[in-house]
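Before any comments, here is the structure.
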Amino acid sequence: MKFTLDWLKEHLDTTASAEEVGKALTMIGLEVEEIVDPAEQLRPFVVAHVVEARPHPNSDHLNVCKVDAGTGTLIDVVCGAPNARTGMRSVFAAPGTYIPGKGFTLKAGVVIRGEKSDGMLCSAAELELSNDHEGIIELPADVPVGLPYVDYARLGGAVIDISITPNRGDATGVYGVARDLAAFGLGTLKPTDMSAVPSSGPSPIAPLPHLFAPGEPKAIRKFAGRVFTGIRNGPSPDWLQQRLRAVGLRPINTVVDITNLVSLGWGRPLHAYDADKLVGQPVLRNARAGESFDALDNKLYALDETMTVIADDQGPLCLGGVMGGIRSGCTDDTTTVLMECASWDPDLIAQTGRKTGIVSDARYRLERSVDPALTEPGLELATRLVLELCGGAAMAPVISGEDVFPGTVIDFPLAEVRRLTGLRSTPEQIEAILGRLGFGLEGSGDRRRVSVPSWRPDVTMKADLAEEVMRMVGVDNVPVEPLPRLANVAPRILTTLQNRRRLARRVLAARGLDEAVTWSFIHADEASRFGGGAPELKLANPIASELTDMRPSLLPGLLGAAQRNANRGYADLKLFEVGQVFLSVTPDGQRTHASGLRLGGSRHWQGAGKVSVFDAKADLAALLDAMGHDIDKLQLVAEPAAWSHPGRGGRVQLGPKLTIGWFGEVHPSLLQQYDLAGPVAAFELDLDAIPEPRRKPTRSKPALKLSGLMPLSRDFAFVVDRDVAAATIIKAARGADKALITGVEVFDLFEGKGVGDGRKSVAIAVTLQPTDKTLTDEEIDRVSTAIVAAVGKSTGGVLRT
């Protein structure tokens, strides 16, 4: 939010400089984005008189102007503004002047379609005074030629831009900022007269009825309106126009400028209707299906039944709390005005703003909560300004609905300030600070009952009050105290799941995968493909139409990321993500998964290699190893996940019911939907389902024992049924002699002639590691016989001869 230092000082009696104000604002939590002095960069711009404006001979939309800038000679300027004309006064920039709104410096003697141009006539947007770029700035005819524009516009005051957090609706007006600075001790707050203004007669408009069905969303809480008759509208006074321009707003006319002044000055949005354009009695209701709304930004918006509108017999006049409409807008010819000051539900205003995409000053303030106590006083303040600047008569106000006051009262132990902030503030200091901020206090001793003011609905608990005290004492005064030294080894800080997330990221990154962070929301079709799509997992208020469901898996996001990369020529991808998936609305249905995929393959002179199911299995095995589990000691089942290619995937189980991971090649139909050229190998690991590894009885690892004897290897080829898993053969061979056998690996697979139909030959290499003495031939033969017997018993296989 922007405001000038002079504007602030109308509400705050202080001698502080802009720099001092900026420092104080940052200390109290109203972060300063920037402080600028418009005069510094606009000093070269001067008032100029357009002596002549004739059409450009080689263009149908340009003019060639003779400009008097007070230099004694006429200057040729080519101008494309539609309002450039003979006799007008505008703002001129000579060659060498930097144009802030365009980001370039003017050059001398520029030829535009055959005509020389030695300067520029400027719009407000080009001077960064507002967003108005429809034409060049028009000045009154009596402004002296050659006068610096900053002197005419009185742009010498510093402009302060602060960042307002979503909970500080009270700071969206200059008065609210001044109130905080006064509590901080930077000056004294000046009161504003918002007392009732006598009426000149009864209102010609009845109180607006609230036409809402039971259970229907209702954004309006209280509507206060007042009709003004016989007013004289037109350009607002110079001081008002200059104030609005200084903060980037374009003056419209006096009535509209008054609404902007109250909105920026007191954080109280208003809206003005030309009452002569209303048809019938205006009402408050929700929009009807199929209704549209022609807004003041000259855009047509489709409305739905959740949006509250002010409407007459011809349809919506205003999208409540967001933006007014063109049909009832006030112009210079307006003589009768209905001024609105209403209280709205901030959540529903934010919802309407998101649906329509309208970003307005009214929405910005109302969705942050506006002080409900200002509804009628705000209307009285506007009444004074209208009568002062436009004349006319003010009719009796019309009120309908009721404001909602939280009325929060907090039982506040004063020791909370010390406990939460470290500040050693006395009870007297705490009471003084909260009192200056508008809080009411009752009680004595070490506790107070604190009544929260209506403009601070964000303060709801003890910690909020401690924070208010800390803001006013100053964040820079919070003491820095070192943590006490521990007398023993610190206990484990991270939880098991936090450790697993950290380990998963490190392991997968070390294996060459790049981490991705994708949306937790996915399209409904994607959710259904991966086992989701339950009604209870659909978002009530999605941020986009294609992000409607909570994700049941991390793979849709990773496949989408792979698709976007592949579309840009990056086809060799290795991606992973560690995040939450949502299987149900219960706490157990929210799981943490580690998932990854590999796409493409390496290009090498020795030959190209594509990814396969074994790449995914290796990634999953590395993850499990980091978690303290050997995949060879877990149960591998050749039952792929629903997203996997049949016969090219499997799952890892702990027992017959507990599945902890899946791996495989992604099904071709899924790859087609993502427009990916396969194969794609992927895996998923449920980090929540992995049990804690067994703790060793010893406190430290035993010494490493290495044998001084050479290992030896023996090869075996077994003929087994085709459906026998290689893992079964490996497990049987390994169990033949656990003391001597240290490794079993498959090195060959053969099916065909000589083996028999429905049979296959699996060759394994068994590593024997003696520890005490060199093995004799008899001992080796005995182990070999045991291996053949174990495999035969487990699989029914026979040794291939």
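Of all residues in the stretch 76-86, count the ones that are crowded, with 19+ Cβ neighbours inside 10 Å, in contact (Cβ under 8 Å) with a residue 40 or more places away in the chain and assigned to a strand (DSSP E or B).
Number satisfying all stated conditions: 2.
Of Val67, Val159, Val150, which residue is modelled with pLDDT of 95 or more and not polar (S, T, N, Q)?
Val67
Of Val51, Val21, Val47, which residue is more than 30 Å from Ala158 (Cβ to Cβ) and not in a loop (DSSP other than H, G, I, E, B)?
Matching residue, one of Val51, Val21, Val47: Val51.
Given the conditions (1) part of a helix (DSSP H, G or I); (2) without any contact (Cβ under 8 Å) to a residue 24 or more places away in the chain, and given that Pro646 satisfies all but one, which numbered condition is not satisfied?
(1)
Going through the stretch 211-229 one residue at a time, which ones are open to solvent by less than 50 Å² (accessible area, probe 1.4 Å) and touching a strand residue (DSSP E or B) at 6+ places or on another chain (Cβ under 6 Å)?
If the condition is that a residue be open to solvent by less than 50 Å² (accessible area, probe 1.4 Å) and touching a strand residue (DSSP E or B) at 6+ places or on another chain (Cβ under 6 Å), then Ala219, Ile220, Lys222, Phe223, Ala224, Gly225, Arg226, Val227, Phe228, Thr229 are the ones that fit.
Restricting attention to the stretch 476-503, which residues are in a loop (DSSP other than H, G, I, E, B) and either surrounded by 10 or more Cβ atoms within 10 Å (Cβ to Cβ) or in contact (Cβ under 8 Å) with a residue 60 or more places away in the chain (or both)?
Scanning the stretch 476-503 gives Val478, Leu494.
Hey, among the residues in the stretch 526-540 that are among the small types (Gly, Ala, Ser), part of a loop (DSSP other than H, G, I, E, B) and on the phi < 0 side of the Ramachandran plot, which one's surrounded by the most Cβ atoms within 10 Å (Cβ to Cβ)?
Here the answer is Gly532.
Among (1) under 26 Å from Trp266 (Cα atoms); (2) in contact with a Pro (Cβ under 6 Å, 6 or more places away or on another chain), where does Val452 come up short?
Here Val452 clears every test but (2).
Return yes when Arg722 is among the basic types (Lys, Arg), open to solvent by 50 Å² or more (accessible area, probe 1.4 Å), in contact (Cβ under 8 Å) with a residue 24 or more places away in the chain and in contact with a strand residue (DSSP E or B) (Cβ under 8 Å, 6 or more places away or on another chain) and no when it is not.
Criteria met by Arg722.
Among what's in the stretch 553-571 and is open to solvent by 10 Å² or more (accessible area, probe 1.4 Å) and outside any helix (DSSP H, G or I), pick the residue that is modelled with the lowest pLDDT.
Selected residue: Ala571.
So which residues in the stretch 104-127 are assigned to a loop (DSSP other than H, G, I, E, B) and without any contact (Cβ under 8 Å) to a residue 40 or more places away in the chain?
Leu106, Lys107, Ala108, Gly109, Ala125, Glu126
Taking the conditions exactly as written (more than 29 Å from Ile252 (Cβ to Cβ), open to solvent by 10 Å² or more (accessible area, probe 1.4 Å) and touching an Asp or Glu at 6+ places or on another chain (Cβ under 6 Å)), does Lys107 satisfy them or not?
no
Exactly one condition in (1) open to solvent by 30 Å² or more (accessible area, probe 1.4 Å); (2) in contact with a Ser or Thr (Cβ under 9 Å, 6 or more places away or on another chain); (3) under 22 Å from Asp549 (Cα atoms) is false for Arg648; which is it?
(3)
If I ask for residues that are of a type outside the set (A, V, I, L, M, F, W, C), in a loop (DSSP other than H, G, I, E, B) and crowded, with 19+ Cβ neighbours inside 10 Å, which ones from the stretch 393-428 would you list?
Pro397, Ser425
Can you name every one of the strands (runs of 3 or more DSSP E) wholly within the stretch 269-325 that holds 1 or more residues which are open to solvent by less than 10 Å² (accessible area, probe 1.4 Å)?
271-274, 283-286, 292-294, 308-312, 315-319
Counting only residues that are more than 51 Å from the chain's Cα centre (by Cα) and open to solvent by 100 Å² or more (accessible area, probe 1.4 Å), which one in the stretch 701-714 is modelled with the highest pLDDT?
Here the answer is Met710.
In the stretch 434-472, what residues are hydroxyl-bearing (Ser, Thr, Tyr) and either surrounded by 16 or more Cβ atoms within 10 Å (Cβ to Cβ) or touching a strand residue (DSSP E or B) at 6+ places or on another chain (Cβ under 6 Å) (or both)?
Passing the criteria: Ser451, Ser454.
I'd like to know if the stretch 183-198 contains one or more residues that are surrounded by 21 or more Cβ atoms within 10 Å (Cβ to Cβ), of a type outside the set (A, V, I, L, M) and under 35 Å from the mean Cα position of the chain (by Cα).
No; the residues of the stretch 183-198 include none that is surrounded by 21 or more Cβ atoms within 10 Å (Cβ to Cβ), of a type outside the set (A, V, I, L, M) and under 35 Å from the mean Cα position of the chain (by Cα).
Starting from residues that are assigned to a loop (DSSP other than H, G, I, E, B) and over 23 Å from the mean Cα position of the chain (by Cα), keep the ones in the stretch 511-525 and report whichever is nearest to Leu624 (Cα to Cα).
Among residues in the stretch 511-525 that are assigned to a loop (DSSP other than H, G, I, E, B) and over 23 Å from the mean Cα position of the chain (by Cα), the one nearest to Leu624 (Cα to Cα) is Arg511.
So which of Asp13, Asp37 ends up being at pLDDT 95 or above and open to solvent by 30 Å² or more (accessible area, probe 1.4 Å)?
Asp13
Given the conditions (1) modelled with pLDDT under 90; (2) in contact with a Pro (Cβ under 9 Å, 6 or more places away or on another chain), and given that Asp549 satisfies all but one, which numbered condition is not satisfied?
Checking Asp549 against (1) modelled with pLDDT under 90; (2) in contact with a Pro (Cβ under 9 Å, 6 or more places away or on another chain), the one that fails is (1).
For (1) more than 16 Å from Arg714 (Cα to Cα); (2) without any contact (Cβ under 8 Å) to a residue 24 or more places away in the chain; (3) within 60 Å of the chain's Cα centre (by Cα); (4) open to solvent by less than 40 Å² (accessible area, probe 1.4 Å), each residue gets a yes or a no:
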site	(1), (2), (3), (4)
Ala727	yes, no, yes, no
Ala732	no, no, yes, yes
Gly735	no, no, yes, no
Thr742	no, no, yes, no
Val746	no, yes, yes, no
Lys753	yes, yes, no, no
Arg759	yes, no, yes, no
Lys773	yes, no, no, no
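I'd like the full set of residues that are within 23 Å of Gly315 (Cβ to Cβ) and either in a strand (DSSP E or B) or open to solvent by 30 Å² or more (accessible area, probe 1.4 Å) (or both), limited to the stretch 247-268.
Val256
Of the conditions (1) assigned to a helix (DSSP H, G or I); (2) open to solvent by 10 Å² or more (accessible area, probe 1.4 Å), Ala382 satisfies every one except a single condition; which number is it?
Status for Ala382: all satisfied but (2).
Can you tell me which of (1) modelled with pLDDT under 95; (2) touching a Gly at 6+ places or on another chain (Cβ under 6 Å); (3) surrounded by 21 or more Cβ atoms within 10 Å (Cβ to Cβ) is the one Leu670 doesn't meet?
Unmet for Leu670, out of (1) modelled with pLDDT under 95; (2) touching a Gly at 6+ places or on another chain (Cβ under 6 Å); (3) surrounded by 21 or more Cβ atoms within 10 Å (Cβ to Cβ): (2).
Within the bounds of the stretch 690-700, is there any residue that is of a type in the set (A, V, I, L, M, F, W, C) and surrounded by 11 or more Cβ atoms within 10 Å (Cβ to Cβ)?
Looking for residues that are of a type in the set (A, V, I, L, M, F, W, C) and surrounded by 11 or more Cβ atoms within 10 Å (Cβ to Cβ), one finds at least one in the stretch 690-700, hence yes.
The values are calculated or read from the model by the stated rules, or taken from the named source; none is laboratory data. Fair warning: this is a prediction, and the values are worked out from it, not measured in the lab. Note: ideal-geometry Cβ built from the backbone for every residue, glycine included; neighbour counts use all protein chains shown. Note: accessible area is taken over every heavy atom of the protein model, side chains too, but ligands, DNA and RNA are not part of it. Shrake-Rupley method; radii C 1.70, N 1.55, O 1.52, S 1.80 Å.
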